[in-house]
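Novice: Before anything else, here's the structure in question.
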């Protein structure tokens, strides 16, 4: 799972991925190498011949249109998750962490790796401009914090506009 996917999961916005079935694929059937393949027609083939006229009443009946395929059920509307309440509650147990301004503090509250390498990986995942990822990492952190909050909002997190600075 991606780092951002883990953030969404920890906030209750995205359900955990179902484990993939571990069934081994069936081996492909191998043609017998010592037996040549042959084709035996069951009826005479005449490409220019027209098919015989239908003789049964069912065959003469006009064709009925095929029933329409049932449409896929519409997904349920996405429930908004109160991210501020969740993170504020977590922060109550961790005084000194200000998730509203610090991506490092937000990741720590979520119990995730907040190291520089983890933040670089998250920044790359979210499309951080390369010029923000070298040298002065404060700019990358600010971009990353704003982008994470924006993406959380896009995925169903209720983030107040005051935290979504343009």
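The values are calculated or read from the model by the stated rules, or taken from the named source; none is laboratory data. No experiment lies behind these values; they were computed from the predicted model shown. Note that each Cβ is placed from the backbone with ideal geometry, even for glycine, and that neighbours are counted across all protein chains shown.
Novice: So, in the range 93-111, exactly how many residues are farther than 18 Å from residue 160 by Cβ, surrounded by fewer than 16 Cβ atoms within 10 Å (Cβ to Cβ) and touching a residue at least 40 places away in the same chain (Cβ under 8 Å)?
Specialist: Summing the residues that are farther than 18 Å from residue 160 by Cβ, surrounded by fewer than 16 Cβ atoms within 10 Å (Cβ to Cβ) and touching a residue at least 40 places away in the same chain (Cβ under 8 Å) in the range 93-111 gives 1.
Novice: Any residue that is at pLDDT 95 or above, in a loop (DSSP other than H, G, I, E, B), out of contact with any helix residue (DSSP H, G or I) (no Cβ under 6 Å at 6 or more places or on another chain) and closer than 16 Å to residue 10 by Cβ - is there at least one of those in the range 115-133?
Specialist: No: zero hits.
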